[in-house]
Amino acid sequence: MSEGGAPAGPALRRGVTGPGFFALAFGTIVGSAWMVLMGEWVSPAGPGGAVLAFLGMTLLMVPVAAAYAELVARVPRAGAEFVFVEKAFGPWPGFITGWFLTLYFVGICAFEGLALSWFLENLLPSVAGQPPLYTLLGKPITILDLAIGLAGAAVMTVLNAAGATIAVGFQKVVTFSFLAASAMLVLLGFAQGDPANWRPLFESAQDRSFIGGMFVMLGVAGMWLSGFQTAASAVEERAPGTSFRTVAKAMTLAVLTAALFYSLIILASTSLLPWRALTTGALPVAAAFDQALAGGIATKGILLVAMASLLKTWNAMHLSATRVILAQARAGFLPSMLAHVDARSGAPRRAALLVGGWTCVGVLAGRGAISPIIAMGTICTTAIAAVALLALMRLRAMNEGGSAPAYVLPGGRPLLLSITLGATIVAIAAVVAPFGVAAGVPVEIWLMLGWALLGAMLVSLRRLWAAMVLTRVNRQGISRA
């Protein structure tokens, strides 16, 4: 290990600045779910309840983002939660965390590939309705699904194999273009809408009380305000002169901007139609904006915006998965070839290729894999966030009396305890939830057990190979003697 905790050998190229960290964090938080899930967001407690939930959850998520910024300052290496937990609790807890973090990142990459073909079918209905090539997990898979998903995986792999400068540059262009387009959408909605459509502002459209609906929406808001953690993956590529305080500001600003975006798009959409009309249909936001722009122009425009938004989330997830795999290989859990960093581009190309290959496997599983992917992602991201906050508590205790890191979460121990407790409760709810809906063991749990088995096999093979190489070297040394 070289000075500052960065591994020796070819280094990841440093060049990510504040706007890049913001683009990674915001670009992951806000994907394309807002276009599809608007009805599910306003149903539990009305448009007013949904807005209150998103704004209210910033009180938890902004401190969590700031806590991650302190973790980054304490352990400024690629790998995010893997390196945090490894330093706090040791190698094996670190590997378990990192391995399931990899599952989350790769699963979402596959999800984006599957969602992209669905959006394209809605944008160009003439390409839909193709005969299925095969059926898996109860859903047919067409040539369009495979072509779009696999092509997208190839593009993201090439982009990330070129290095963080290229990948984050792409991220910034798409993210800030998305923000500009979103501002135009919101202004159009408010200009053409009628606030009377918000009434009743606070009421459940479901068979539950408003208070019950608010509890549901707080959980939903917490899930859709996470994702800022991807910025932590690029900390080793922080540009000279970019401070940890800048990284903290970028991550917390991303959470605040995402909450503001969700709130404004909810109010703009529900001002165009009576909000209960948005609780049905596949594309409720597009249906609302069709009231402002007739002839399907709004639907096509919003679909293009959503597809661009999807690409930025995909890119950030691919970059993060690559860095977590790199970190696990550096630590000796995965094959050492995956720790290779290209000297010219400063990119972990082999890890990027592996992420691309695994994404293709997910795409081949088809749209039937979407629900298990979302469920696995929810379990992984909530549980890992809670473990990361526990790691921060442990790192503080280990460093008690030592010099403080370059950035420290404001609020002291009481705030850290509060957000850790909140994150733990959310994580327990996410782990238990699938068992309440499915009979028997849910499919996502089986998939996670299979992933754990694959990880154990890879580690065993890695260690077996290392032992064989060592034995061969020893025999050669003896024979020469």
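The values are calculated or read from the model by the stated rules, or taken from the named source; none is laboratory data. Note that this is a predicted model, so its numbers are computed, not measured. Cβ: placed from backbone, ideal geometry, glycine included. Neighbour counts: every protein chain shown. For the accessible areas, the whole protein counts, side chains as well, though only heavy atoms, and no ligand, DNA or RNA atoms are used. Shrake-Rupley method; radii C 1.70, N 1.55, O 1.52, S 1.80 Å.
With respect to residue 75, is the statement that it is under 30 Å from residue 195 (Cα atoms), open to solvent by less than 40 Å² (accessible area, probe 1.4 Å) and of a type in the set (Val, Ile, Thr) true? When the stated conditions are applied, residue 75 does not pass them.
Between 67, 53, the distinction of being open to solvent by less than 10 Å² (accessible area, probe 1.4 Å), of a type in the set (A, V, I, L, M), at pLDDT 90 or above and within 22 Å of residue 275 (Cα to Cα) belongs to 53 only. Restricting attention to the range 314-331, does a residue exist that is in contact with a Leu (Cβ under 7 Å, 6 or more places away or on another chain), basic (Lys, Arg) and in a helix (DSSP H, G or I)? No, there is no match, as no residue in the range 314-331 is in contact with a Leu (Cβ under 7 Å, 6 or more places away or on another chain), basic (Lys, Arg) and in a helix (DSSP H, G or I).
Taking into account only those residues within the range 150-181 that are closer than 24 Å to residue 118 by Cα, within 17 Å of the chain's Cα centre (by Cα) and aliphatic (A, V, I, L, M), which is most open to solvent (accessible area, probe 1.4 Å)? Ranking the qualifying residues of the range 150-181, first place goes to 174. Filtered by the rule that a residue be buried (at least 19 other Cβ atoms within 10 Å of the Cβ) and charged (D, E, K, R), the range 385-422 gives a lone residue, 396. Looking at this structure, is residue 190 open to solvent by less than 60 Å² (accessible area, probe 1.4 Å) and touching a helix residue (DSSP H, G or I) at 6+ places or on another chain (Cβ under 7 Å)? Criteria not met by residue 190. Here are some residues: 409, 453, 449. Which one is touching an Asp or Glu at 6+ places or on another chain (Cβ under 9 Å) and modelled with pLDDT of 90 or more? It is 409.
Filtered by the rule that a residue be without any contact (Cβ under 8 Å) to a residue 60 or more places away in the chain and either crowded, with 22+ Cβ neighbours inside 10 Å or assigned to a helix (DSSP H, G or I) (or both), the range 337-356 gives 337, 338, 350, 351, 354. When every residue of the range 362-369 is checked against the conditions, at least one turns out to be in contact with a strand residue (DSSP E or B) (Cβ under 9 Å, 6 or more places away or on another chain), open to solvent by 40 Å² or more (accessible area, probe 1.4 Å) and among the aliphatic types (A, V, I, L, M). Whenever a residue of the range 188-203 is touching a residue at least 12 places away in the same chain (Cβ under 8 Å), it has no partner that is acidic (Asp, Glu) lying with C-beta atoms less than 6 angstrom away and at least six residues away or across chains. Would a scan of the range 427-440 turn up a residue that is open to solvent by 70 Å² or more (accessible area, probe 1.4 Å) and at pLDDT 90 or above? Within the range 427-440 (the criterion being open to solvent by 70 Å² or more (accessible area, probe 1.4 Å) and at pLDDT 90 or above), the answer is no, since none of the residues qualifies. Of all residues in the range 246-272, those satisfying the criterion of being β-branched (Val, Ile, Thr) and either part of a loop (DSSP other than H, G, I, E, B) or open to solvent by 10 Å² or more (accessible area, probe 1.4 Å) (or both) are 246, 252, 257.
Kindly indicate the residue of the range 167-178 that is of a type in the set (A, V, I, L, M, F, W, C) and in contact (Cβ under 8 Å) with a residue 24 or more places away in the chain and also nearest to residue 51 (Cα to Cα) among those meeting that condition. So, considering only residues that are of a type in the set (A, V, I, L, M, F, W, C) and in contact (Cβ under 8 Å) with a residue 24 or more places away in the chain, the one nearest to residue 51 (Cα to Cα) is 178.
Checked against the criterion of being in a helix (DSSP H, G or I), open to solvent by less than 10 Å² (accessible area, probe 1.4 Å) and among the acidic types (Asp, Glu), the range 231-245 has at least one qualifying residue.
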